[in-house]
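Peer 1: There's a structure below that I have some questions on.
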Amino acid sequence: MQRALIFSSSNPIYSQLSTTIAPPDSAVFPKRDGGWIGPFSSNQPPVFRLRNYKRTLLPPLCSASDSVANQPTMASQDEQDPRISKISSAIRVIPNFPKPGIMFQDITTLLLDTKAFRDTIDLFVERYRGKDISVVAGIEARGFIFGPPIALAIGAKFVPMRKPNKLPGEVISEEYSLEYGTDKMEMHVGAVQAGERALVIDDLIATGGTLCAAIRLLERVGVHVVECACVIELPELKGRDRLGDKPLFVLVSST
Amino acid sequence: MVEMFAAENGLKGDPRLQAISNAIRVVPHFPKQGIMFQDITTLLLDHKAFKHTVDIFVDRYKDMDISVVAGVEARGFMFGPSIALAIGAKFVPLRKPKKLPGEVIAEAYELEYGRDCLEMHVGAVEAGERAIVIDDLVATGGTLSAAIRLLERVGAQVVECGCVIGLREVKGQLRLNGKPLYILVEPREIDGC
């Protein structure tokens, strides 16, 4: 089955920043003396490959009656939304967290930038409003930050997908692999109904393991997962492939 | 008098409060025997009631010159960001230990048995900023108290704490460092109990 394309242009354009670029000057944390603390970086500044984002082109999202041939095309389809670069530069990279070798993508600095945070939510809301989505599932814990504002704006329920033993009452759970060992994700029984159309939201997709677990939980109760949406993708970890035929929408792609 | 219930502070008879209360589910004996757990996830499933919840907080705080909304992990994350976005404030997550990357400050607080710790990023909040703290429920006030201390340690002014649910009976025993507490509804009881 052909995977529904997020970017329906046949020639997606990646604007790739030079690897020699200095860490962005844009604010991360203000210092008390009026200066700025820049984003953490060691020898290797973060490189953001900014994925093409179509501002108004919204390919139909996986409903049974859609056909690829009906997808509209717009003259501006290859432009990147101007809001993306500010969102990207508001994200801070912390080297060697939680362990050596990992360049952690810290979205908390995005939450401190009121305009960039607003724009982040707006970009998702613009994509999903009016698409008959009744469920926004957010993955603990950073998915709880982005999911509810989106759900409220598009008129959907918010369903938290949680670590074990946090949700009271009856739950269903899904085990998934970690680098070492496994973890479990839980969802409330009865939170969603068969036939509902859902999004799964998290701050970042790495390997895709957590998102896959969330998709499985929802599909087990008959929900149609229309798309997964993340602020950041780490493409080298191939999470997109792991999602298989589930579409993935991201704002920033980071290597 | 530290606690303010919405129904007695400007929202008397507001039907939204009843809708919010009705949408909250009580789960008996969670996480242990004797505790009637106030489950707000059912409120999140009720789009109208969830929107009312956020709207009431937004209406209250939008003209108070608040630049920081601090939310306590994890259920504070479900309410805080929407409020922050609507009033044009930053959202600052207050987290369990070792979750926040980079430099943090930490504040310990008492649990019924043992202690726990809340962390905030260094530099997230500046001295002089006006802040509110948001959580789903206040019980003893221990977590909120730790949140207030974290913000005050960096020189922020905590204007108020806002919670969806709060107990009335603990007045006087509530540890909130003298800060006002605004509560939408009281805990629900099990129907038929």
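Peer 1: Any residue at all in the stretch B:139-154 that's more than 14 Å from every other protein chain (Cβ to nearest Cβ), open to solvent by less than 10 Å² (accessible area, probe 1.4 Å) and part of a loop (DSSP other than H, G, I, E, B)?
Peer 2: Yes: one or more hits.
Peer 1: Further question: I'd like to verify a number: residues in the stretch B:109-119 that are within 21 Å of residue B:181 (Cα to Cα) and hydrophobic (A, V, I, L, M, F, W, C), how many?
Peer 2: 2
Peer 1: Of all residues in the stretch B:1-24, how many are touching a Phe, Trp or Tyr at 6+ places or on another chain (Cβ under 9 Å) and basic (Lys, Arg)?
Peer 2: Here the count works out to 0.
Peer 1: Only one residue in A:160, A:164, A:168 is surrounded by fewer than 20 Cβ atoms within 10 Å (Cβ to Cβ) and at the interface with another protein chain (Cβ under 10 Å from one of its Cβ atoms), so which one is that?
Peer 2: Testing whether each residue is surrounded by fewer than 20 Cβ atoms within 10 Å (Cβ to Cβ) and at the interface with another protein chain (Cβ under 10 Å from one of its Cβ atoms) leaves just A:168.
Peer 1: Go through the stretch B:117-138 and report how many residues are out of contact with any helix residue (DSSP H, G or I) (no Cβ under 7 Å at 6 or more places or on another chain) and either away from chain A (no Cβ under 11 Å) or more than 25 Å from residue B:55 (Cβ to Cβ) (or both).
Peer 2: Number of matching residues: 9.
Peer 1: Does residue A:89 satisfy the condition of being more than 9 Å from every other protein chain (Cβ to nearest Cβ), hydroxyl-bearing (Ser, Thr, Tyr) and surrounded by fewer than 18 Cβ atoms within 10 Å (Cβ to Cβ)?
Peer 2: When the stated conditions are applied, residue A:89 does not pass them.
Peer 1: Hey, another quick one. Can you pull out every residue in the stretch A:93-136 that is facing another protein chain (nearest Cβ under 8 Å), within 16 Å of the chain's Cα centre (by Cα) and either open to solvent by 50 Å² or more (accessible area, probe 1.4 Å) or among the β-branched types (Val, Ile, Thr) (or both)?
Peer 2: Those that are facing another protein chain (nearest Cβ under 8 Å), within 16 Å of the chain's Cα centre (by Cα) and either open to solvent by 50 Å² or more (accessible area, probe 1.4 Å) or among the β-branched types (Val, Ile, Thr) (or both): A:108, A:118, A:121.
Peer 1: Can you pull out the residues in the stretch B:66-113 that are open to solvent by 50 Å² or more (accessible area, probe 1.4 Å) and under 14 Å from the mean Cα position of the chain (by Cα)?
Peer 2: Listed by number, the list holds a single entry, B:75.
Peer 1: Taking the stretch B:29-65 only, how many residues are within 16 Å of the chain's Cα centre (by Cα) and touching a residue at least 60 places away in the same chain (Cβ under 8 Å)?
Peer 2: Selection size over the stretch B:29-65: 8.
Peer 1: Identify the single condition in (1) touching a Pro at 6+ places or on another chain (Cβ under 9 Å); (2) buried (at least 18 other Cβ atoms within 10 Å of the Cβ) that residue B:40 does not satisfy, given that it satisfies every other one.
Peer 2: (1)
Peer 1: Looking only at strands (runs of 3 or more DSSP E) that fall completely inside the stretch B:1-112, which ones have 1 or more residues that are more than 8 Å from chain A (Cβ to nearest Cβ) and over 23 Å from residue A:91 (Cα atoms)?
Peer 2: B:3-5, B:25-28, B:36-39, B:104-110
Peer 1: Still on this structure: For residue A:185, work out the one condition from (1) without any contact (Cβ under 8 Å) to a residue 24 or more places away in the chain; (2) more than 9 Å from chain B (Cβ to nearest Cβ); (3) part of a strand (DSSP E or B) it doesn't fulfil.
Peer 2: (1)
Peer 1: Right, something else. Go through the stretch A:207-221 and give me each residue that's more than 17 Å from residue A:163 (Cβ to Cβ), open to solvent by 10 Å² or more (accessible area, probe 1.4 Å) and touching a Leu at 6+ places or on another chain (Cβ under 7 Å).
Peer 2: Once the filter is applied, which keeps residues that are more than 17 Å from residue A:163 (Cβ to Cβ), open to solvent by 10 Å² or more (accessible area, probe 1.4 Å) and touching a Leu at 6+ places or on another chain (Cβ under 7 Å), the stretch A:207-221 yields only A:207.
The values are calculated or read from the model by the stated rules, or taken from the named source; none is laboratory data. Keep in mind that what you see is a predicted model, and the values were worked out from it rather than measured. Every residue, glycine among them, receives a Cβ derived from its backbone with ideal geometry; neighbour counts consider all protein chains shown. Remember, those area values only see protein heavy atoms, side chains included, never the ligands or the DNA or RNA. Shrake-Rupley method; radii C 1.70, N 1.55, O 1.52, S 1.80 Å.
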